[in-house]
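Only one structure is covered here, and it is reproduced in the block below.
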Amino acid sequence: MKNERLLVKAEGIVQGVGFRPFVFNLAQSLGLSGHVFNHSRGVDVEVEGAPEALVRFMTRLREEAPPLAHIIRVTQEPIPALGKPGFAIKHSDAAGARTALVAPDSDVCADCLRELFDPHDRRYLYPFINCTNCGPRFTIIRDIPYDRPNTTMSGFAMCQSCRNEYENPEDRRFHAQPVACQACGPRLAYHDAGFRPIKTNNPLAAAVEKIKQGMIVAVKGIGGYHLAVDATNQKAVMRLRERKRRDEKPFAVMVPSVKALKMLARVDEREEALINSRAHPITLVEKIKPGVLAGVSPGNRYIGVMTPYTPLHHLLLTEGLFFALVMTSANISDDPIAYKDEDAGQRLAGIADVYLTHDREIFARADDSIERPMGHGPVVLRRSRGYTPVPILLDREYPATLALGGELKNTFCLVKGDRAFISQHMGDLKYQSVYESYQQAIASFIKLMDVGEVAVVAHDMHPEYMSSRFAADQAMAPAMAVQHHHAHMASLMAETHQDGDAIGIIFDGTGYGEDGAIWGGEFFVGGLDGYRRIGTVKPAPLPGGDKAIEEPWRIALAILFRIYGDDIPKLPLPWLESLGTQERENLRLMVAKGLNSPLSHGMGRMFDAASALAGVRHKINYEGQAAMELEMAIEKPVEEGYPVGIEEDNGMLTLDFDKAFKALCADMVSGAPRPIIAARFHQAVVDGAASMAGIIRDRTGLQRVFLSGGVFQNRYLSDRLGARLEGLGFALFRHGRVPPNDGGISLGQAVIAARRLLAKKEG
Ligand code: ZN
Ligand code: ZN
Ligand code: FE
């Protein structure tokens, strides 16, 4: 048989991840000639040889690609054979390399881990060991192309041994930009509370000693500093709470292994796989004994855990033989995570007792990602380190679009061609420090993705969101407002590669509606190109506005007045009993006269009210606490929920929970157990949503249902409503890689705005 030659183009994250050496070795093992080089959209390969060897090459190219490679697309075309022997790695052209994708940060790989603990290896116990298959990426890249001078490793000159590895195509460290060793690379340092360096031969041992004494140690990681304390030391955990000004919000915990974790929590196979996945997200798992590590997640049945992902984490846990370390983002309440050394020293003053730091600069901050295992698979609640900036592949090419996201849990999104790059988690833009960091990150992303000219800037309809102000102030491109819940629905459609008309059930906290009202319990018919609001949840008054969100008892009381008038039943609720007559009357008047009592359609508020009425939580310390604790109160599912009503007015369906609240109060009066009450309320939401979906299907013939919005972080609701809808024959779509909460809306905004722009151009 005559030899043939193929031109193969691999697109995706294929640069800086050991892809070329992999191709080199694969071609050689199959006796193929040709070459490989980095090209504009990825890696180009020319291979020549026997046809059957070429077939095997194509199969193995996909199946055996290096662990950090994300191949989005592979194409092949026959070209004339050249008959030249040998296979070469060609130098890349800089212009081409500019548009290649940046890889996310990766955990230490198995090979490096083995070397780390091998006394005969030259990187024995070296905290910055890495290779082409692992190590920092996104957080150290200043500019493209991804070459060492464009990373924060630029200041470290490679020693001869490292250089030999770096230049050898057959070495695991071939072109590993962060390659280093103890002789030439970054080093650990130990600083006191005032961020002054303290001389010591062994910074690691010094830090471990402090943790053992119950001190708070700031540890520099991949995307920022963590505050580390011994999670089994209750006093140390309490001190951390005081200093961080964080009363009850759970802390994330790092455990040495899933094996150790199993003494603390229930972990099934799927959860284990998630915890050990390359991104090492903080994973929510159920505690076995609620009392264990009580201070870490008080009043919470779940605990957020992760396993070590940097060599330094492995060394820290091994050296200290720690069973569990609190590893929480180094910040005060809602500030962004500290990641620059000087800044950390200032902002963590009064919090950290000592610092375990190093001289490899972090260029981009990235918090730990958070995932929750659900019935249909893991759902990302915070998409950040380990995932950013892996793109979501879209079904067509779009003009360059910048979408600015929401206000809370903000992310932004850049669309370039058929890729959507969602930023790392930014946080709450109301905080000046977060907003500043957001502006920097946008500029940096535009540079890193080589977007050039942005064609449209999408933002939320809410005029007071900081992101909307940014949209109004920028001069990059025309701004386009997108409705909040439409963006939620579109983000899920983009994630799941769906188009056309469908039913959207968007259960959310707060979002600005087209009519200026607060929406958030929405039933939409539509898709990426538009929507019709066909149903909603009967709104509840928020006496005191934002204050009612912090104090759900206000919403609960307003609902009691609406249902019972002045004749509120005597409920066994301490917050209700302790309320003075005057206070009660003031609130009643506020609602009656509509003074600072906006109406909210938000499903989150229904959960808040139910939580207060069930005596679970009447004031919150962190966002979503009341609803979350109501879910946690459930012990097992119930089949029968509280009754709900569905009304129709002028073609608009309304889901009314007043009957459910009334039945809940009756249960409280009769002393029904709290876990049952919590489950019955959840079940009412399942029943109500499923009935609405049924009515909408009857009227429209639509079969596909999309579940999005922050309320779908609730596993009971997601699993039970999902099962019900599937049982009714709906085609169901739920989030996985993109958060259902406001961390996901930037993607939806981007796609909606980009399509509107296209429609304008084509129309
Ligand atoms: Zn490695
Ligand atoms: Zn070296
Ligand atoms: Fe939302």
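The values are calculated or read from the model by the stated rules, or taken from the named source; none is laboratory data. Source: prediction; values computed, not measured. Here the Cβ positions follow ideal geometry from the backbone for every residue, glycine too, while neighbour counts run over all protein chains shown. Accessible surface is based on the protein model in full, side chains and every heavy atom, while ligands, DNA and RNA are left aside. Shrake-Rupley method; radii C 1.70, N 1.55, O 1.52, S 1.80 Å.
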Matching residues in segment 342-376 (among the acidic types (Asp, Glu) and open to solvent by less than 40 Å² (accessible area, probe 1.4 Å)) number 4
Considering every residue within segment 494-509, establish whether at least one is in contact (Cβ under 8 Å) with a residue 60 or more places away in the chain, within 15 Å of ligand 3 (Cβ to nearest atom), under 20 Å from the mean Cα position of the chain (by Cα) and open to solvent by 30 Å² or more (accessible area, probe 1.4 Å).
-> no
Name the residues in segment 451-473 that are closer than 15 Å to CYS413 by Cβ and surrounded by fewer than 22 Cβ atoms within 10 Å (Cβ to Cβ), would you?
-> VAL451, VAL454, ALA455, PHE470
Identify all residues within segment 695-725 that are open to solvent by 20 Å² or more (accessible area, probe 1.4 Å) and within 20 Å of GLY526 (Cα to Cα); write none if there are none.
-> ILE695, ARG697, ASP698, ARG699, THR700, GLY701, LEU702, GLN703, ARG704
Could you count how many residues in segment 133-151 are open to solvent by 10 Å² or more (accessible area, probe 1.4 Å) and either part of a loop (DSSP other than H, G, I, E, B) or over 19 Å from LEU448 (Cα atoms) (or both)?
-> 6
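Among the residues of segment 150-175 satisfying the criterion of being over 16 Å from GLU115 (Cα atoms) and among the hydrophobic types (A, V, I, L, M, F, W, C), which is nearest to ligand 1 (Cβ to nearest atom)? Explain how you work it out, then say what you get.
From segment 150-175, those over 16 Å from GLU115 (Cα atoms) are 150-160, 163-164, 166-170, 174-175; that's our starting set.
Restricting the remaining residues to those that are among the hydrophobic types (A, V, I, L, M, F, W, C) gives 153, 156-159, 174.
On the way: MET153: 15, PHE156: 18, ALA157: 21, MET158: 17, CYS159: 18, PHE174: 12 Å.
So, considering only residues that are over 16 Å from GLU115 (Cα atoms) and among the hydrophobic types (A, V, I, L, M, F, W, C), the one nearest to ligand 1 (Cβ to nearest atom) is PHE174.
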Within the set of pairs 6 or more residues apart or between chains, which connect a residue that is outside any strand (DSSP E or B) inside segment 66-89 to a residue that is surrounded by fewer than 16 Cβ atoms within 10 Å (Cβ to Cβ) with Cβ atoms less than 7 Å apart?
-> ALA81/ASN3
If you check GLY736 against the conditions, is it buried (at least 24 other Cβ atoms within 10 Å of the Cβ), within 20 Å of CYS413 (Cβ to Cβ) and not hydrophobic (A, V, I, L, M, F, W, C)?
-> no
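Return the residue satisfying two criteria in turn: it lies in segment 573-583 and is open to solvent by less than 70 Å² (accessible area, probe 1.4 Å) and under 15 Å from ALA556 (Cβ atoms), and of such residues it is farthest from the chain's Cα centre (by Cα).
Ranking the candidates gives LEU579 first.
Residue-by-condition table, conditions (1) assigned by TED's automatic domain parsing to the domain that holds LEU30; (2) under 27 Å from LYS9 (Cα atoms):
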{"site": "ILE72", "(1), (2)": "yes, yes"}
{"site": "THR75", "(1), (2)": "yes, yes"}
{"site": "LEU113", "(1), (2)": "no, no"}
{"site": "ASN150", "(1), (2)": "no, yes"}
{"site": "TYR166", "(1), (2)": "no, yes"}
{"site": "HIS175", "(1), (2)": "no, yes"}
{"site": "ALA180", "(1), (2)": "no, no"}
Using the structure shown, decide if ASP608 is buried (at least 24 other Cβ atoms within 10 Å of the Cβ), acidic (Asp, Glu) and within 24 Å of ILE506 (Cα to Cα).
-> yes
May I ask you to list the residues in segment 604-622 that are of a type in the set (A, V, I, L, M) and assigned to a loop (DSSP other than H, G, I, E, B)?
-> ALA614, VAL616, ILE620
Among the candidates VAL457, VAL415, VAL451, VAL434, residue that is assigned to a loop (DSSP other than H, G, I, E, B), farther than 24 Å from ASP608 by Cβ and in contact (Cβ under 8 Å) with a residue 12 or more places away in the chain = VAL451
Check ILE676, ILE646 and return the single one that is open to solvent by 10 Å² or more (accessible area, probe 1.4 Å) and within 32 Å of the chain's Cα centre (by Cα).
-> ILE676
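Return the only residue of GLY651, GLY671 being surrounded by fewer than 24 Cβ atoms within 10 Å (Cβ to Cβ) and at pLDDT below 95.
Exactly one of GLY651, GLY671 is surrounded by fewer than 24 Cβ atoms within 10 Å (Cβ to Cβ) and at pLDDT below 95, namely GLY651.
Conditions tested, residue by residue: (1) over 22 Å from ILE503 (Cα atoms); (2) part of a helix (DSSP H, G or I); (3) of a type in the set (Val, Ile, Thr).
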site: PHE681; (1), (2), (3): yes, yes, no
site: VAL686; (1), (2), (3): no, yes, yes
site: ARG699; (1), (2), (3): no, yes, no
site: TYR716; (1), (2), (3): no, yes, no
site: PRO740; (1), (2), (3): no, no, no
site: ALA750; (1), (2), (3): no, yes, no
site: ALA754; (1), (2), (3): no, yes, no
Given ALA626, ALA614, ALA592, which one is of a type in the set (Gly, Ala, Ser) and open to solvent by 50 Å² or more (accessible area, probe 1.4 Å)?
-> ALA592
Hits in segment 165-209 - residues which are within 30 Å of PRO66 (Cα to Cα), open to solvent by 20 Å² or more (accessible area, probe 1.4 Å) and of a type in the set (Phe, Trp, Tyr) | TYR166
Selection within segment 718-738 - within 16 Å of ligand 3 (Cβ to nearest atom) and part of a helix (DSSP H, G or I) = SER718
Which of the residues spanning segment 119-132 are within 13 Å of ligand 1 (Cβ to nearest atom) and either at pLDDT 95 or above or assigned to a strand (DSSP E or B) (or both)?
-> ASP121, ARG123, TYR126, PHE128, ILE129, ASN130, CYS131
Determine which single condition GLN439 fails, assuming it passes every other condition in (1) open to solvent by less than 20 Å² (accessible area, probe 1.4 Å); (2) over 24 Å from ASP107 (Cα atoms).
-> (1)
Can you name the number of the only condition in (1) among the aliphatic types (A, V, I, L, M); (2) open to solvent by 40 Å² or more (accessible area, probe 1.4 Å); (3) assigned to a loop (DSSP other than H, G, I, E, B) that LEU284 fails?
-> (3)
Could you tell me which residue of segment 1-24 is farthest from PRO136 (Cα to Cα), considering only residues that are more than 35 Å from the chain's Cα centre (by Cα) and in a strand (DSSP E or B)?
-> GLU4
